[in-house]
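The values are calculated or read from the model by the stated rules, or taken from the named source; none is laboratory data. Since this is a predicted model, take the numbers as computed values, not measurements. Note: ideal-geometry Cβ built from the backbone for every residue, glycine included; neighbour counts use all protein chains shown.
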């Protein structure tokens, strides 16, 4: 089994510099998370962007879709910021023969207390079990990519259908 990880940035890869929440999106933490988790499958990591999801444009989404269309893999885990994850999921709908699971974190992977490791594990498990399509793995659940929304008040994802 082979999984291609595609990183786009988001909170999962943020580095905070001070108490005023000054940050930048740093290098992906996926290699570290998979190594610490003793991942026993073939994978590689492709970094397309290092952006906060609020800064991801429609052109960026089109570039991601084009990359996936041309790429030979069939299983993908995409790390993404949570604020616009559902918009990206919508852009990726309809890619035949590809199982795509987007995930991210509500706190950076570099933090001692983070949901990043759990969400990556969920996404890895999900991508092996789902039918081709687009999904979001967050908060211990796997959602159809076109039937989920972020509840900003509760700070979690919820099914919409």
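Is it the case, given these coordinates, that residue 69 is more than 13 Å from the chain's Cα centre (by Cα), modelled with pLDDT of 95 or more, on the phi < 0 side of the Ramachandran plot and loosely packed, with under 15 Cβ neighbours inside 10 Å? Yes, satisfied.
In the condition set (1) within 20 Å of residue 1 (Cα to Cα); (2) assigned to a loop (DSSP other than H, G, I, E, B); (3) in contact with a strand residue (DSSP E or B) (Cβ under 8 Å, 6 or more places away or on another chain), residue 44 is compliant with all but (2). Selection of region 129-154 for residues being farther than 24 Å from residue 54 by Cβ and outside any strand (DSSP E or B) yields 129, 130, 131, 132, 140.
Condition (residue is at pLDDT below 85 and surrounded by 13 or more Cβ atoms within 10 Å (Cβ to Cβ)) applied to region 53-65: is it met by at least one residue?
Narrowing region 53-65 to residues at pLDDT below 85: 53.
When the remaining residues are screened for being surrounded by 13 or more Cβ atoms within 10 Å (Cβ to Cβ), the result is 53.
Yes: one or more hits.
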